[in-house]
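Undergrad: Mind having a look at this structure? Questions to follow.
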Amino acid sequence: CDRRQRQMCIRDSSAAESQDDQPATNMIDASPFTTWHTKFGKVAKDKAYVTVFDKERVLSQIAYDPSGGANGRIKDVEVYVSLDGKNWTLSGKATNWSNNKERKILKLSEPKKAKYVKILATATYSNGMEEENKYVSGVRFNYYEDVTKTIKLGNLSLIHISEPTRPI
């Protein structure tokens, strides 16, 4: 993993190939000027994007910035979390995201401890009806950590909230 990628590193992008000039690592490079797109001319059978963090985190939400073109924009999505990269728990999903460039936010059903996050596009948009659910694309995924702390003092629980959801 490349430690320069903020506090996370990419483990995998998709079983499908990425377009050569639009690699999966662009989704976590923090640039609004780069994009990820699965390989043109091939149906992306596995539309999953997996990220591994540097350590276990309490994930609360994910933001998705769609690409400029409709081709491959995520319409329906499921988010899975794992501590070992093998056993996955469905932690959130969204359907019928609008087909536009506006940021989409998916709040998990509850904050979940995760080292691995799998974002599975279950439906995608296209430039034409014949290409729906064929590709996946985007500009960026942002991951947010719940840093609420609960301190127990005997029978008393104190909750300290400094930043309930901060970017990872």
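The values are calculated or read from the model by the stated rules, or taken from the named source; none is laboratory data. Everything numeric here is computed off the predicted structure, so don't read it as measured data. Because the Cβ atoms are built from the backbone with ideal geometry, glycine has one as well, and the counts that use them run over all protein chains shown. With ligands, DNA and RNA removed, areas are computed over all heavy atoms of the protein, side chains included. Shrake-Rupley method; radii C 1.70, N 1.55, O 1.52, S 1.80 Å.
Undergrad: Using the structure shown, decide if residue 83 is closer than 15 Å to residue 56 by Cα and surrounded by fewer than 19 Cβ atoms within 10 Å (Cβ to Cβ).
TA: Here the answer is yes, as residue 83 does meet what is asked.
Undergrad: Mind listing just one residue for me: the one in the range 59-80 that is among the aliphatic types (A, V, I, L, M) and surrounded by 21 or more Cβ atoms within 10 Å (Cβ to Cβ) and, of those, farthest from residue 44 (Cα to Cα)? Talk me through it step by step, then tell me what you get.
TA: Taking the range 59-80 and keeping what is among the aliphatic types (A, V, I, L, M), we get 59, 62-63, 70, 74, 77, 79.
Still in the running and surrounded by 21 or more Cβ atoms within 10 Å (Cβ to Cβ): 59, 62, 74, 77, 79.
Working: 59: 27, 62: 22, 74: 13, 77: 15, 79: 18 Å.
The qualifying residue farthest from residue 44 (Cα to Cα) is 59.
Undergrad: I've got another one for you. Between 75, 93, 104, 149, which is at pLDDT below 95 and out of contact with any helix residue (DSSP H, G or I) (no Cβ under 8 Å at 6 or more places or on another chain)?
TA: Answer to the selection: 149.
Undergrad: Moving on. Could we say that residue 112 is open to solvent by 20 Å² or more (accessible area, probe 1.4 Å), modelled with pLDDT of 90 or more, more than 10 Å from the chain's Cα centre (by Cα) and closer than 18 Å to residue 48 by Cβ here? Walk me through how you get there before you give the answer.
TA: Details: open to solvent by 20 Å² or more (accessible area, probe 1.4 Å): yes; modelled with pLDDT of 90 or more: yes; more than 10 Å from the chain's Cα centre (by Cα): yes; closer than 18 Å to residue 48 by Cβ: yes.
In short, yes.
Undergrad: Continuing with the same structure: Inspect all residues belonging to the range 69-79 and state whether any of them is in a strand (DSSP E or B) and acidic (Asp, Glu). Walk me through how you get there before you give the answer.
TA: Keep residues of the range 69-79 that are in a strand (DSSP E or B), which gives 74-79.
If we keep only those that are acidic (Asp, Glu) too, we end up with 76, 78.
Checked against the condition, which is being in a strand (DSSP E or B) and acidic (Asp, Glu), the range 69-79 yields at least one hit.
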